[in-house]
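The values are calculated or read from the model by the stated rules, or taken from the named source; none is laboratory data. Quick caveat, the model's predicted, so the values are computed rather than measured. Note that we place each Cβ from the backbone using ideal geometry, even for glycine, and neighbour counts take in every protein chain shown. Surface areas here come from the heavy atoms of the whole protein model, side chains and all, with no ligands, DNA or RNA. Shrake-Rupley method; radii C 1.70, N 1.55, O 1.52, S 1.80 Å.
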Amino acid sequence: MTLKFPFVYRYVFIIVLLVSLSSCKNKETESGYYWKSIQVTATAYNSFPSQTSRIHPNITAWGDSLKPGMKIIAVSQDLIPLGLDYNTVVRIKGDTTQYLVKDKMNSKWKKRIDIYMDKDKSRALKWGRKKVTLFYRVKKDSLKVE
């Protein structure tokens, strides 16, 4: 005896199967990473010459072009050896947004991040300066045993 599924159920089954397979793939990819946390001071910045570069205000220190809507942070240079390097995925506690490290700050700053807020100066001023817990993704094989 063979079961005959109506036409619609076949497609529902295929979609459910594809979704479950794709979620397994994401877990495998994520399993190569783990999340670390650090307490930092967070401020915000805009792409104005007075806040970035007088010559190229939309270019980061690593050479990326800043565009409105990008979820970018700049990190103080003391955080780079801790794993907050170029293109590191970052989250701020209490926020679901994922950011990428695409910029670095002047060497005078320590334990600090700067969140890119386009040209919205009022939003950046409203953010102000606050202590936050920063979560950042690190490859498991990049661990150094000490």
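Going by average Cβ density within 10 Å per residue, which order do the peptides 100-108, 33-41 take, highest to lowest?
100-108, 33-41
Mind giving me the nanometre distance, one decimal, between the label points for TRP127 and ASN87, set 7 Å out from Cα along Cα→Cβ?
Result: 2.3 nm between the two label points.
Ordered by residue, what ³J(HN,Hα) values in Hz, to whole numbers, does segment 93-101 give under the Karplus form 6.51 cos²θ - 1.76 cosθ + 1.60, where θ = phi - 60° and Gly and Pro are x?
Rounded to whole hertz, the list is 3, x, 10, 8, 5, 9, 10, 10, 6.
Within the set LYS71/LYS121; LYS67/LYS104; LYS36/LYS119; LYS71/LYS126, which residue pairs have Cα atoms separated by over 19 Å?
Cα-Cα > 19 Å for LYS36/LYS119; rest within.
With a 1.4 Å probe and every protein chain left in place, tell me how much accessible area ARG123 has, in Å² to the nearest 10.
100
Based on the Cβ-Cβ distance of PHE135 and ILE55, what FRET efficiency does E = 1/(1 + (r/R0)^6) give at R0 = 35 Å, to the nearest 0.05?
0.55
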